[in-house]
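Step one of this worksheet: look at the structure below.
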Amino acid sequence: MARQNHFIGLPLPDKPNKTQQILSMKTNKTIFVPIIAFAWMVMSCNKSSSPAQVSPSSAQTTFSNVNTDVAAAIQALNATPGNKALNSFTNLTNTANPLGRIGSFRSLKNINDTKAALSAGLASIRMMLLKSTASERVAGTTPFNFADKIGTYTWSKANHKWGYSPGGGIIKIDYPSDTTSFTNDTELQITAYTEVQVGSDYFPTSIETAIYQPISGAKQLGLSLTASGYDDLGNPNKASITFFVNPYSITFSFDNSQSLKASESFSFTKGSTTYIATGLSASYASATDQANGNPNQVTGYLQLENVKFNVTLDGTKAATTNDANQFAVIVITIDGGTAGHVVWVTDPKTGEQVPYVQYNDKTQQLLSDVFADLETQLNSLANG
C-alpha cells in the first residue's frame, strides 16, 4: 500500500495548485484537531544565527519522547469526564461532537477549507443546543432565542424527550453522563448566546457554555466562542474558540478579515505544559488569490512540546515547480538547537514526494514513522 504524502500539515503538492496543497492542516469524534488544526506549520528561519546542532541520536530520543507524551495527552483528553459528558450530550441530541472537527484541520488544503471546517464545528455546537431546548423538529433556519429559552431542561429516558421548567436567568440542561442511565448527573449551562441571520439560516456569533458534573459540582468542560464576518455560505472570516476540557485547554483563532493577509493559531495545553501549538501568517498578492487561498508567502511554525518545525513557504516558486524542496524550507529545532530539516523524497513506486526528517549527519527517517503514535491518536480523535 502506498504511503500517504502528508503528516500533520506536511503535505506534498501533486496537483496544479501546489501552494494550497503544501498548506494542508489540523487539526478528533471529540472536539478538536482544530486546527487540527494542526496543519499549517510555517515560520521564517533566521539564517543569520547559528544555533547549536543536536546530534541525530539525541534528536531521535527527543522525538520518541515527544511522540509518546503528546499521543498520551490526546488519549487522556478522549477519556476525560468532560469529553465523555459532551459525547453523551451529542448522542442524546443526535449531533456531531464539535471536538471531532479539530483533527480535520490537519489535512485541509487552503484557508477556505479551514473556514468550512470551522463552520461545520460551529453548526454542530449550535444544533446540539437548539435540539435540546426545542419541543419540535429544528433546522438551521430555526432561530435560537436565548431569552425565550431561559429555564431548566431535563432529560427523561423513560419518555425519551426533554422536559422544561421556566425560571432563572440562564439555560440549564440536565442529562445523564451515561446514555443508558436513568439518572441525570450532569448539567450543561448556557450563560450567553447570540447569532446572526445570513439568508434563511442562522449562525452563532458568541457562545458561553459549561458542563458540570455532578450537577452543581466541578466544571468539566467550558466553551467560549466568538465569530464574525459570515459569508453567503455560512463561513466566518474571523473566529476565536477556547475549550476547557478539565484539565486540558484547547484554543483556536482564525482571522481572514484583513486585506491581503490572514493568520491562525492553535494550542493544546495542560497547565504550563504545551503539547501542541501552531502559528500561521499568510500574505497574498491580490484579493483573488486571497479568495482562492493561494498565498505568495506563508510563515509560521508547528510545536510539539520542545520540538519546533520552523517553515518558510515561497508561493511564487510553488507556482512553477512540483518539487516541494524548491519552495518549502522546514527547519526542525529542539530547545532552539537545530536537529535537522524536512526533505521530500520521491517514492519510486508511486511517484509521490514523501516527507522525511533529514538529521544533521544526512541520514533520513520517514516523518510519519517518527511520530507514528501521535498520528494514531490524532486519527482516533477525529474519528472517535
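Summary table below
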| quantity | calculated |
| --- | --- |
| Order of S249, S177 - criterion: other Cβ atoms within 10 Å of each residue's Cβ, fewest first | S249, S177 |
| Relative contact order (%) - region 141-232, alpha-carbon pairs under 8 angstrom, separation at least six | 20 |
| Residues L225, L233, sorted so that the one with the fewest Cβ neighbours within 10 Å comes first | L233, L225 |
| Candidates per GluC sites (Glu not before Pro) in region 127-216, loop by DSSP, up to 10 other Cβ within 10 Å | E136 |
| Euclidean distance between Cα centres, region 226-276 to region 310-376, Å | 26 |
| Order of T142, T350 under a 10 Å beta carbon neighbour criterion, fewest first | T350, T142 |
| Protection-proxy order for peptides 81-94, 310-323, each taking the mean of Cβ atoms within 10 Å per residue, highest first | 81-94, 310-323 |
| Percent of Cα pairs exceeding the 21 Å cut-off, where the set is region 121-214 | 31 |
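Each reported figure results from applying straightforward, stated rules to the coordinates on display, with no laboratory input. Predicted model only: the values in this text are computed from it and were never measured. Neighbour counts run over all protein chains shown; Cβ positions are idealised from the backbone, glycine included.
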